[in-house]
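The values are calculated or read from the model by the stated rules, or taken from the named source; none is laboratory data. All values derive from a computational prediction rather than experimental measurement. Don't worry about glycine lacking a Cβ; one is built from the backbone with ideal geometry, like all the others, and counts go over all protein chains shown. Side chains included, ligands, DNA and RNA excluded: accessible areas come from the protein's heavy atoms. Shrake-Rupley method; radii C 1.70, N 1.55, O 1.52, S 1.80 Å.
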Amino acid sequence: MFLALKEIRHEKLRYGLIIGMIVLVSYLVFVLSGLAYGLAQQNTQAISSWNASKVVLNSDANDSLSQSLITKQTADKVKLTTHEAYIGQAGVVAKAKGQAKLSAQFLGINQSQFIYKRVKVTAGHKPTTNHQIMVDDSFKDNGYRLGDKVTLNSTDTQYKIVGFTHNAKLSVAPVIYGTLGTWRTLSHVTSDFQASGIITNRDSFKTKTSGLSTLTMSKFINKLPGYSAQNTTFTFMIGFLMIIAMVVIAVFLYILTMQKLPNYAVLRAQGIPAKVLVTTTVSQALILVVGGLAIGAALTLATVLALPAGVPMSFNVPLLAGVTGGILLTGVIGALIPVKVILNVDPVSVMGG
Amino acid sequence: MSVLEVNHVTKTFGHNTNEVTVLTDVNFTAAAGEVSLVIGPSGSGKSTFLTIAGGIQTPTDGDVVVQGNGLAQLSGKARDALRLNHIGFILQAYNLVPYLTVKDQFALVDRVKSKGNLSATDLRHLLEKLGISQLINQYPAELSGGQTQRVAIARALYQNPDIILADEPTAALDSERVKVVGQLLHDLAKEHNKAIVVVTHDLRLKEFADKTYAIMDGKMTVA
Ligand SMILES: Nc1ncnc2c1ncn2[C@@H]1O[C@H](COP(=O)(O)OP(=O)(O)OP(=O)(O)O)[C@@H](O)[C@H]1O
Ligand SMILES: [Mg+2]
């Protein structure tokens, strides 16, 4: 530690540049993974907020909620408990006087069922009649207010915003919660149809009703339009970015260690044990990488605060821990690749004539 | 009593047609309480001899015994420990750590060898004697050649080694300083019972030596 810190202090420019490089690389990785994760979340936020475990859809719907329709006749054969809820999905375009149009996902839910009960209100209240809706907070960011009258699609029917809810996104669009009756209107179906699907939060839920198929949530989410394609793309992007970042950092620390060999030879000639040189090398690599990561994380935080609310960015701990741990590990590995050279460094090499 | 023995040491570098023999059957002993001076021209094998004697290089043939320990029989770790605790090198190329101030060069020794170093008072006296007390906050790059050489001497002596191996310790010094360094090494031998080996082409050091050897084309003779 003594040598490691003294050297950093004496060679401020060189070490400053290396820390700067680690800062930039980790900032890049943090921000990009935050953006990718944020986008992935916007596909599923609403679903995650229900804490559900399975979805029941029409077996001809190709696992897609928006393609699914369940008739009343079929629905009646499924025994519902307090753990199941009907849901009706319709893609809509919302418009209010003087406001920009917004593409949204309308979700019709039943007041006496668990989704309705679980949805959190940030302002106003939950819809109680067919002409009331509760919308995602992003409507607020676009200028919509409580009490605004909104038309959905090109019909003239007006719906009143009676409440706001937070983090309700489905397939990257804000969610509008309303009644199943409104869903029928928007989907142009008669009351012969009960819902698009049934959501359950029981792992043990099963139904043998013909014409229905039951999916686990993770399978359902993977089948959301574009979701897995998007995720695969981002996973590969971040994966490659990580690998390149780690290689770059490892190479830099390798070069750094190699440049120090003449000094190490001096120390070896003085009888300083090889172990001290190895710990010095490792602790210096750790100081540089930890410092760089910390500054990179602080910059990322500043970026999150500075970005407009509409930019999806969110973080999850395992992902961040993986990124941070990976960079730390490769930093140390890079510094230690020449360890054999450190151990065998020839004191004579620096002694001259 | 001899604390350092060099027995029938031969050193060759390179292979086949490029092979050069730098030392040929060198025999040498150094005793505690004595200053041994090895004088030879440039390229005669002085540095090679000294580094082999101190265990930094291994001989091609022959062996080195330090305080009863055959160096070839010691593990790398044990050799490090022996060097750290019992041998002080004053190297020809000065070899201070560039990013440590003079003060920190000594602090570094404290970090790796906690016992047996000079006391703060003794260090202060040593620095005064060598005329470098005012330099303690300077980096090696800010020192003159002669100042660097004196710091390197102080650094080696700070470890309070039993054996001091010095390679051209006076090359960059004026006659006044040569006397100071020569007297210092002489006093260390006499008053602290150190074994001191100096290799040099500086004949001015002769008056401080108990024994003088000559080295020429890798062959050592008693002068
Ligand atoms: N690693 C090496 N490989 C090949 N030849 C070497 C090596 N080290 C030293 N030599 C050769 O050995 C000879 C003696 O070198 P050495 O450094 O011992 O001389 P020296 O007496 O210390 O000279 P000077 O007074 O200039 O310091 C020289 O001819 C040198 O070129
Ligand atoms: Mg030499």
Point to revise | Hz values of 3J(HN,Hα) by residue in the range B:144-152 - Karplus curve (6.51, -1.76, 1.60), Gly and Pro given as x | key: 6, x, x, 5, 4, 4, 5, 5, 4
Study note, to complete from the structure: Note on the range B:48-71: residues buried by at least 20 Å² of accessible area once partner chains are added (vs chain on its own, 1.4 Å probe) come out as B:Thr51, B:Ile56, B:Gln57
Review point. Reachable aspartates and glutamates from A:Lys219, Cα under 14 Å, same-chain residues fewer than 8 places away excluded?
Key: A:Asp63, A:Asp203
**Study point:** In sequence order, calculated HN-Hα J values of the range B:28-36 (Karplus, 6.51, -1.76, 1.60; Hz; x Gly/Pro)
**Key:** 7, 9, 10, 10, 4, x, 10, 9, 10
Check your understanding: Using a 1.4 Å probe on protein heavy atoms, which residues of the range A:1-25 have at least 50 Å² less accessible area in the complex than alone?
Key -> A:Phe2, A:Leu3, A:Lys6, A:His10
Review point. Taking chain A as a Gaussian network, where each spring joins two C-alpha atoms under 10 Å apart, which residue of A:Ala173, A:Ala294, A:Ala104 fluctuates the most?
Key: A:Ala294
Revision key, fill the gap. Amide H proximity to B:Leu23 below 5 Å, modelled H, separation 5+ or other chain, gives B:Lys11
Exercise for review: Amide H neighbours of A:Val150 under 5 Å, at least 5 residues apart or on other chains, H built in the peptide plane: list them.
Suggested key: A:Tyr159, A:Lys160, A:Ile161
Exercise for review: Could you tell me, in Å, what Rg and Dmax come out for the Cα atoms of the range A:54-204?
Suggested key: 14.9, 48
Exercise for review: May I ask for the distance between the Cα centers of the range A:240-296 and the range A:212-226, given as a whole number of Å?
Suggested key: 48 Å
Review point. At q = 0.08, 0.13, 0.14, 0.15 Å⁻¹, what base-10 log of I(q)/I(0) does the Debye formula yield for chain A when every alpha carbon is treated as an equal point scatterer in vacuo?
Key: -0.56, -0.96, -1.06, -1.16
Exercise for review: Enumerate the amide H contacts of B:Ala32 below 5 Å, restricted to partners 5 or more residues apart or on another chain; note that Pro and chain-start residues carry no placed amide H.
Suggested key: B:Val3
Review point. Contour minus end-to-end for A:Ala100 and A:His125, with contour as 0.36 nm per residue of separation and end-to-end as the Cα-Cα distance?
Key: 6.6 nm
Check your understanding: So how far, in whole Å, is the C-alpha centre of the range A:297-312 from the one of the range B:141-161?
Key -> 54 Å
Study note, to complete from the structure: With every protein chain kept in place and a 1.4 Å probe, the range A:205-353 has an accessible area per residue in Å² of 48 Å²
Exercise for review: Check every DSSP H run in chain A and write down those whose alpha carbon atoms cover 30 angstrom or more along the long axis and whose mean Kyte-Doolittle hydropathy is 0.5 or greater.
Suggested key: A:12-50, A:227-269, A:274-306
Check your understanding: Leaving out ligands, DNA and RNA, what percent of the accessible area of the protein assembly as shown is carbon and sulfur, probe 1.4 Å?
Key -> 57 percent
Check your understanding: In the structure shown, do any of A:Lys340/B:Lys194; A:Lys97/A:Lys223; A:Lys101/A:Lys169; A:Lys117/A:Lys160; A:Lys101/A:Lys149 have a Cα-Cα gap over 24 Å, and if so which?
Key -> A:Lys340/B:Lys194; A:Lys97/A:Lys223
Revision key, fill the gap. Whole-Hz Karplus couplings 3J(HN,Hα) for the range B:79-91, θ = phi - 60° and coefficients 6.51, -1.76, 1.60, Gly and Pro as x, run 5, 4, 5, 4, 5, 5, 8, 10, 10, x, 9, 10, 8
Practice item. Sorted from largest down, give the three principal axis spans of the alpha carbons of the range B:101-213, whole angstrom values. Key: 37, 30, 20
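Counting other Cβ atoms within 10 Å, which trypsin sites (Lys or Arg not before Pro) in the range A:166-264 have at most 15 and lie in a DSSP loop?
Numbers: sites: A:Lys169, A:Arg184, A:Arg202, A:Lys206, A:Lys208, A:Lys219, A:Lys223, A:Lys260; in loops: A:Arg202, A:Lys206, A:Lys208, A:Lys223.
Qualifying residues, ordered by number: A:Arg202, A:Lys206, A:Lys208.
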Check your understanding: Give me the Kirkwood hydrodynamic radius of the range A:1-86 in Å, from all C-alpha pairs, to one decimal place?
Key -> 18.5 Å
Point to revise | Dimensions in Å of chain B - Rg and Dmax from alpha carbons | key: 17.0, 55
Practice item. Would you calculate, for chain A, the mean residue ellipticity at 222 nm contributed by helices, counting each DSSP H stretch of 4 or more residues as -39,500 (n - 2.57) and dividing by all residues, to the nearest 500? Key: -17000 deg cm²/dmol
Exercise for review: Please give the per residue accessible area of the range A:54-204, computed with a probe of 1.4 Å over protein heavy atoms only, in Å².
Suggested key: 46 Å²
**Study point:** Accessible area that becomes buried as B packs against A, both chains, 1.4 Å probe, Å², nearest 100
**Key:** 2300 Å²
